[in-house]
Amino acid sequence: MFFTFQGRTASCSGDSVTGQNGSTVITAGHCVKYQGAWHTNWIFVPGYDNGNAPYGQWPAVKTLATDQWAASEDMNMDVGLAVVAPQNGRTLSQTVGAQGILFNGGYNKKMYSFGFPAAAPYDGTKLVYCAANTGKDFLLTKDHSMSCNMTGGSSGGPWFQDFDESTGLGTQVSVNSFGYNFLPNTMFGPYFGNEAKAAYDKAQTS
């Protein structure tokens with residue numbers, strides 16, 4: 001996804017998830033609002049591949065986040081969503097499909113994380129993934145933790161449990177959120193609890 005932040009174009013990662021509106025993208029909170037301002041010109045490009053947009057570009061008609069992220073950018077609640085407009089009479093999920101989503105799914109499971117890291121050594125053109133058993137942040141948040149060397153730009157990319165490599169389907173339980181500078185090659189992702197579900201539910205009625 002691409003958007004305008006402080007007057008320049010920036011990027012994050014995200015994906016299409018199931019929902020009654022068929023038009024929901026989930027990402028990190030800081031991919032919709034950061035440093036007190038909501039991003040503008042927000043566009044989702046599913047299947048982005050080295051500059052190509054095989055499924056078109058989907059502008060957001062609304063972006064939202066957990067109440068806690070919207071109010072104070074609480075790192076525990078770094079979850080954002082976008083509702084995108086239908087194109088050619090079809091919703092996003094009718095066009096590209098959608099991954100299942102689960103709230104309050106617990107900790108310490110094998111998960112796969114995906115994203116488009118743009119900071120070195122990556123350049124933002126390719127989808128990258130990590131797969132590892134996850135733990136729980138023992139420092140400042142209640143986030144999941146995973147061994148992963150993805151960099152900036154991967155923020156908002158999905159974490160799946162029960163992921164099937166042959167079908168590409170899984171159940172989404174988190175998103176790429178942050179890493180500690182002093183703890184290299186470790187990614188953290190927010191726990192999808194009641195707060196994330198409330199934001200997801202709000203997106204369905206937008």
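Please treat every number below as a calculation from the coordinates, not as lab data. All values reported here derive from a predicted model rather than from experimental measurement. Note: ideal-geometry Cβ built from the backbone for every residue, glycine included; neighbour counts use all protein chains shown.
Estimated at 0.36 nm per residue, the fully extended path between Leu140 and Leu169 surpasses their Cα-Cα distance by 7.3 nm.
222 nm [θ] for the chain, helices only, -39500 (n - 2.57) per DSSP H run of 4+, per residue, to 500? Before the final figure, lay out the partial values.
Numbers: 3 runs with 22 residues, N = 206.
After summing the helix terms and dividing by the residues of the chain, the value is -2500 deg cm²/dmol.
A cut-off of 5 Å between modelled amide H atoms, ignoring neighbours fewer than 5 places along the same chain, links Lys62 with Val83.
What would the Debye formula give as log10 I(q)/I(0) at q = 0.08, 0.09 Å⁻¹ for the alpha-carbon point model of the chain, no solvent? One equal scatterer on each Cα of the chain leads to -0.23, -0.29. Here the chain is treated with +1 on each Lys and Arg Cβ and -1 on each Asp and Glu Cβ, and its dipole about the Cα centre works out to around 200 debye.
Between the amide H of Ser174 and those of Trp159, distances stay under 5 Å, these residues lying 5 or more places away or on another chain, with hydrogens modeled in the peptide plane.
The relative contact order of the chain comes to 23 percent, based on Cα pairs under 8 Å that sit 6 or more residues apart. Phi angles across the range 94-100 convert, under the Karplus curve 6.51 cos²θ - 1.76 cosθ + 1.60 with θ = phi - 60°, into 3J(HN,Hα) values of 5, 8, 10, x, 7, 8, x Hz, Gly and Pro given as x. Per residue, the convex hull spanned by the alpha carbons of the range 100-192 comes to 86 Å³. Between Gln6 and Phe103, how many nm apart are label points set 7 Å from Cα along the C-beta direction? Going from the Gln6 label point to the Phe103 one covers 3.3 nm. For the range 131-142, backbone phi angles converted through the Karplus equation (6.51, -1.76, 1.60; θ = phi - 60°) give residue-by-residue couplings of 9, 6, 6, 9, x, 10, 4, 9, 10, 9, 9, 9 Hz, Gly and Pro being listed as x.
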